[in-house]
Amino acid sequence: MKRTANAHWEGGLKDGKGTVSTQSGVLDKQQYSFGTRFEDGKGTNPEELIGAAHAGCFSMALSMILGESGLTAESIDTKATVKLEEEDGGFAVTHVHLDLKARIPGADKETFEKAANAAKDNCPISKLLTAKITLDAELES
């Protein structure tokens, strides 16, 4: 399976602008720029998109792992916070923190935490990233 995304950029780093699009069309020429990445400009940025991909991938992986234990989530809500820092004369994504809140009828804390950590370690986006990945998991009753 292969999925594609495209980026188009015009101009210099600080005065330039670009757009990103995805094969599915969900993102179609969505604006990004220096201002949307390092300031509070309107549009998206690579780190936000990585966070969305990671949160979605992790949530699906958790659902699969729970299913293998005979459990079905009523809800899984994941927030990924991606940290971009200056490092060694450049910038790097240094940390992704996952914040999870889930309702899983019949799940006990130990089973939930084991499944959440397995999803954190094994979802394809976690495996892609070389940054430190952490998780806070909260089972709601």
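Failed condition for Q30, given (1) modelled with pLDDT of 95 or more; (2) within 20 Å of T4 (Cβ to Cβ); (3) of a type outside the set (A, V, I, L, M, F, W, C), with all others met?
(1)
What is the number of the single condition among (1) within 29 Å of D136 (Cα to Cα); (2) under 17 Å from the mean Cα position of the chain (by Cα) that T22 does not meet?
So T22 meets the others, but not (1).
Please work out which one of (1) surrounded by 14 or more Cβ atoms within 10 Å (Cβ to Cβ); (2) among the polar types (S, T, N, Q); (3) more than 21 Å from V26 (Cα to Cα) is the condition T72 fails and give its number.
Result: T72 fails condition (1) only.
Find the residue count for region 104-141, including only residues that are among the polar types (S, T, N, Q), farther than 11 Å from A61 by Cβ and either buried (at least 16 other Cβ atoms within 10 Å of the Cβ) or touching a helix residue (DSSP H, G or I) at 6+ places or on another chain (Cβ under 7 Å) (or both).
So the answer is 1.
Can you name every residue in region 86-103 that is open to solvent by 70 Å² or more (accessible area, probe 1.4 Å) and touching a strand residue (DSSP E or B) at 6+ places or on another chain (Cβ under 7 Å)?
Filtering region 86-103 for residues open to solvent by 70 Å² or more (accessible area, probe 1.4 Å) gives 86-89, 91, 101, 103.
Of everything in region 86-103, those that are open to solvent by 70 Å² or more (accessible area, probe 1.4 Å) and touching a strand residue (DSSP E or B) at 6+ places or on another chain (Cβ under 7 Å) turn out to be E87, F91, K101, R103.
The values are calculated or read from the model by the stated rules, or taken from the named source; none is laboratory data. A quick note: this is a predicted structure, and the numbers were derived from the prediction, not measured. We place every Cβ from the backbone using ideal geometry, glycine too, and count neighbours over all the protein chains shown. For accessibility, only protein heavy atoms count, side chains too; no ligands or nucleic acids. Shrake-Rupley method; radii C 1.70, N 1.55, O 1.52, S 1.80 Å.
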